[in-house]
Each structure stands twice: as structure tokens, then as C-alpha cells.
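The values are calculated or read from the model by the stated rules, or taken from the named source; none is laboratory data. Quantities reported herein were computed from a predicted structural model and do not represent experimental measurements. Here the Cβ is made from the backbone with ideal geometry for all residues, glycine too, and neighbour counts use every protein chain on show. Please note that ligands, DNA and RNA were not included when accessible areas were found on the heavy atoms of the full protein model with its side chains. Shrake-Rupley method; radii C 1.70, N 1.55, O 1.52, S 1.80 Å.
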Amino acid sequence: MSRPTSVSLCAGAGGEALGLRWAGFYHAALVEIEPEPCETLRLNGFENVRQIDVASYCEQHAPLLTWASFPCQPWSTQGKRKHSEDRRNLWPAIVDQLDNDPPKTFVGENVVGLAQHVKACAPLLPAANCPGCYLERVILRDLRARFAFVDCYRLNASGFGVPQHRRRLFIVASDRPIGRPVPTHGPGKALPWVTIRDALGLEIRLDGGRNSKANPRQERPITSSEPCFTIGTRGNQIVRFSDGTKRRLEPEECAILMGYPATYRFAGRYKIGRFRQIGNSVCPAVAEAIGRQVMAAHEIRPPRGSHC
């Protein structure tokens, strides 16, 4: 039997693609407009990379799974939160792609802020002014018009063996029910959390630096004995050693804290570009867990040799 196919929209640096590869999927197309992430995908052996805007992509593959990690900036609490009025809101283009090349299953990934309501929202006000209303009255409505099953839930990457507390919203739609992944790591689970010490072999204290002048809030400093906080795109995580010295995390260290293998390569001459690719990624282990649920629901066994 041929391998189950997937299409990735807004593929980025390939965290989702790597996780789905581990689950046993073959990528028919990886759509990404930015040149550096496209080069990163190619450096790591991904074929069928399409450097093109999602709105301009028009191939047809009838995939088992279409995954879209559509830009989070319109909904993130760290941004200006222009919501659907932000030019980076690609949801309408994604819906067009679902109609152009209907998959059996769709997975959308975004920040948990997409599910939050603003204080002034109300049923009679435009959904565009509130992320939670846009999710409920636009995104989920669009999916229910096209799929028999629609689900929406949050996952924390630390529950899947990633040395990072990274909470993200996942929207799943399919022609049949798809089970939710069950966390395997953490208190009360079969396995303990993977810590910074486990991942990097460092005895340190880590803090998040200053996010911006407009938002000077710092992350709670943490030690090597726990997973790190959410890795962002700025490269401002400060490592503090017991002898008083300090430095910033390197891009390669951030990638490991995202759950990428140490052998995964990131294109880009400048660190800031690599930090941006990594901070915008999907943790591969989480994508793998969701991919396995999709395959199980469609009664497909992972091909031999897939990642475990």
C-alpha cells in the first residue's frame, strides 16, 4: 500500500513536516512563501517544496491530511492583535485550498489566543473584532460546512516529551471522528517531563529577557530541572550560569528545546532568521502524535521504519 499523503500549508521550517514524516506520511507538497524556511526544508531532505503564497497554490493531490499552521501574529497576545483585519490572516485562502483540493482530514494549528474573547465582544458584533468569535463563528463554521467531524483542543508540548511548555490550539476536521492525542510525559503520566538538563546537558537558570519596550514583562526564571517556557522568535532567552556569567541561547539550542533532532539544519546567514524559523515552528513530537491519531482513525498502519 502506498504511504498516506499530506499537504502542508504555511510549512515554515518543517517541524510539522518532520513529525508527520515520523508518523509515516509522505508530503505531496510543502507550501511556504519565505525563502529561508524553504531552504531549511530542502536541507533536511524534504522534496516537493513550493515557494509560493498559499493563495496562489493550486495543485490537487486529494491528500489524507492537509495541515495548516496559519500565521499566529493576528491572534497572539505578544502582537498588535489586529485579528482578521491583519493582512497575515490567511484563513480565507486556506478555505479556498480546502475547496480546491479536499482532504479527508484537516488540521489547523495556532496560538491559544485564537480561542480568547475580547471583553467587548457580543453576538451581534462582527466576528472579525474578536479572535474567539472569529474561531467560533467563522473558522469552525467553515469547517462544519465541509466536514462531518470537527474538534478543537489545546495541547502542551511538554506532555509529549518536548523539553518546553508550549501550549497551542489545534483544530481538527475530518470525514470521521479523530481521537485526541494522550500526553505521555509529566506528573501522573508514564514518563517524567524532559527537562532542560536532559536536553542540553546544562546546569543553568533561564529567563526570557525583555519581550519589548512596550511589554517589559519577563518570563519566570526557571532552572535546568524543568522544561523551559515557550521559545519565541526573538532569540532573547538568557542563560545564567552559577559562576555569574551569562549568554543567550544559541539557535541550535532553541531547536533542541523545540524537540528537533540535533542533526536538523536551519538555513540562514544571520541568527535572527534562524531564531524566527525555530520560534514559529510546530514541535515535531506533537505533530507526530496528531498524525498517528489521523492514521489510526483511517485504519492505516504506519509504514515500517517510521519514527517511534
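Tell me yes or no: at least one residue of the stretch 49-57 is open to solvent by less than 20 Å² (accessible area, probe 1.4 Å) and assigned to a helix (DSSP H, G or I).
yes
Just to be sure, is I204 in contact (Cβ under 8 Å) with a residue 60 or more places away in the chain, among the β-branched types (V, I, T) and open to solvent by less than 30 Å² (accessible area, probe 1.4 Å)?
On the way: in contact (Cβ under 8 Å) with a residue 60 or more places away in the chain: no; among the β-branched types (V, I, T): yes; open to solvent by less than 30 Å² (accessible area, probe 1.4 Å): yes.
Answer is no for this residue.
Only one of these conditions is not met by R247: (1) in contact (Cβ under 8 Å) with a residue 12 or more places away in the chain; (2) open to solvent by 10 Å² or more (accessible area, probe 1.4 Å); (3) on the phi < 0 side of the Ramachandran plot. Which number is it?
Evaluating R247 over (1) in contact (Cβ under 8 Å) with a residue 12 or more places away in the chain; (2) open to solvent by 10 Å² or more (accessible area, probe 1.4 Å); (3) on the phi < 0 side of the Ramachandran plot leaves (1) as the failure.
So that you can scan it fast, the table gives a plain yes or no per residue for (1) under 17 Å from R205 (Cβ atoms); (2) assigned to a loop (DSSP other than H, G, I, E, B); (3) among the acidic types (D, E):
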residue	(1), (2), (3)
R234	no, yes, no
V239	yes, no, no
D243	yes, yes, yes
C254	yes, no, no
A262	no, yes, no
R265	no, yes, no
G268	no, yes, no
Q277	no, no, no
V282	no, yes, no
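Given the criterion of a type outside the set (A, V, I, L, M, F, W, C) and within 17 Å of the chain's Cα centre (by Cα), identify the matching residue among G279, G268, G201, G235.
G279
Would you pick out the residues in the stretch 19-47 that are under 17 Å from the mean Cα position of the chain (by Cα) and open to solvent by 10 Å² or more (accessible area, probe 1.4 Å)?
Passing the criteria: R21, W22, H27, E32, I33, E34, P37.
Pick from I231, I272: which is of a type outside the set (F, W, Y) and farther than 23 Å from L155 by Cα?
I272
Taking the stretch 140-162 only, how many residues are assigned to a loop (DSSP other than H, G, I, E, B) and at negative phi? Spell out how you get there, then give the answer.
From the stretch 140-162, those assigned to a loop (DSSP other than H, G, I, E, B) are 145-148, 161-162; that's our starting set.
Checking the rest, the ones that are also at negative phi come to 145-148, 162.
Count: 5.
Being modelled with pLDDT under 95 and surrounded by 16 or more Cβ atoms within 10 Å (Cβ to Cβ) is the filter; apply it to the stretch 281-306 and report the residue that is farthest from S174 (Cα to Cα).
Ranking the candidates gives S306 first.
Could you please find all residues in the stretch 163-195 being polar (S, T, N, Q), more than 27 Å from V150 (Cα to Cα) and in a strand (DSSP E or B)?
First, pick out the residues of the stretch 163-195 that are polar (S, T, N, Q): 164, 174, 184, 195.
With more than 27 Å from V150 (Cα to Cα) added as a condition, the list becomes 164, 195.
Correct list: Q164 only.
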